[in-house]
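The values are calculated or read from the model by the stated rules, or taken from the named source; none is laboratory data. What you see is a predicted model; the values in this text were computed from it and never measured. A quick note on method: Cβ atoms are made from the backbone with ideal geometry, for glycine too, and the neighbour counts reach across all protein chains shown. Areas reflect the complete protein model, heavy atoms only, side chains present, ligands, DNA and RNA absent. Shrake-Rupley method; radii C 1.70, N 1.55, O 1.52, S 1.80 Å.
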Amino acid sequence: MYLVHETCTLYGCQVTPAERLSRATVAERALRLADDEGVDAITIRRLAKELGVTPMALYWHFKNKEELLLGVVDHVLVNVRADRSAGDPWQKQLRAIVETVIGVMRAHPCLPDLLHSADKTQTPSFTRATNDTLALLADAGFDVEEGYWIAMYLLNGAMGLVGAQPGCPASVPADQVEEWRRQKRVQMESLPTDRFPMMVEFAKTLTQAPDIERYYAFGTDLLMSAVETMAEQRAVNKA
């Protein structure tokens with residue numbers, strides 16, 4: 001067990017609770033807290049209580065809240081990377097990065113707020129993922145400044161996709177989802193057809209739950225097509 005208050009002896013040496021409490025354990029608990037209650041819920045005191053240790057135990061790993069937030073960002077983005085050894089074309093590797101970022105954001109709705117709250121450029125995971133992305137975009141024919149613009153476009157596009165996910169808000173109880181969708185459909189169908197014919201037409205789609213996986217596949221295609229089309233135009237112009 002990590003979370004105990006008394007000291008113990010390991011190979012003859014005294015090991016404190018802070019030493020047994022890894023950075024990853026602290027970051028993971030903070031991440032869950034942020035997902036459940038928002039980024040503002042993350043405080044050293046609150047997190048120490050959640051983990052069953054004193055605040056001093058957390059200061060062993062993070063000197064203040066700013067460092068803690070950076071640690072959480074670094075932890076959650078650890079698997080966002082390009083596989084440069086696979087020999088896949090840049091398009092496939094870049095798409096994999098985008099899909100991974102979207103997947104992480106779907107799993108952790110607090111991530112966009114975390115990225116805005118902390119200086120993500122100070123975290124190894126974000127820096128590595130950005131560097132991987134710039135390398136792939138260099139292969140696509142973009143210069144490093146253009147590559148950075150594209151990387152930020154893709155990151156914000158991923159945030160937008162997750163934030164605009166269609167369907168019922170997560171705050172609505174499961175047994176009320178169908179009624180929420182019905183009321184939304186009736187509301188749209190009541191719009192004046194002479195002024196808003198397409199909105200009235202869209203209301204028909206609310207008779208059933210949206211295909212979320214299709215939505216994300218479509219959104220990823222939308223993001224990637226912009227980059228791929230520009231890269232193709234660059235190649236034609238250079239030919």
Among ARG214, ARG182, which is under 23 Å from the mean Cα position of the chain (by Cα) and either farther than 30 Å from ALA82 by Cα or exposed (fewer than 12 other Cβ atoms within 10 Å of the Cβ) (or both)? ARG214
For VAL53: the one exception among (1) without any contact (Cβ under 8 Å) to a residue 24 or more places away in the chain; (2) over 24 Å from ASP113 (Cα atoms); (3) among the aliphatic types (A, V, I, L, M): (1)
Between LEU115, LEU161, LEU155, which is touching a residue at least 40 places away in the same chain (Cβ under 8 Å), in contact with a Gly (Cβ under 7 Å, 6 or more places away or on another chain) and of a type in the set (A, V, I, L, M)? LEU161
Enumeration of residues in segment 217-239 that are loosely packed, with under 12 Cβ neighbours inside 10 Å and modelled with pLDDT under 95: GLN233, ALA235, VAL236, ASN237, LYS238, ALA239
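Going through LYS92, LYS65 one at a time, which residue ends up being open to solvent by 10 Å² or more (accessible area, probe 1.4 Å), closer than 21 Å to ASP36 by Cβ and over 15 Å from the mean Cα position of the chain (by Cα)? Walk me through it before giving the result.
Values: LYS92 fails: closer than 21 Å to ASP36 by Cβ.
Criteria check complete, one pass: LYS65.
Taking the stated definitions as given, is ASP35 touching a Ser or Thr at 6+ places or on another chain (Cβ under 7 Å), under 17 Å from HIS116 (Cα atoms) and of a type outside the set (A, V, I, L, M)? Write out each step before concluding.
Numbers: touching a Ser or Thr at 6+ places or on another chain (Cβ under 7 Å): no; under 17 Å from HIS116 (Cα atoms): yes; of a type outside the set (A, V, I, L, M): yes.
Here the answer is no, as ASP35 does not meet what is asked.
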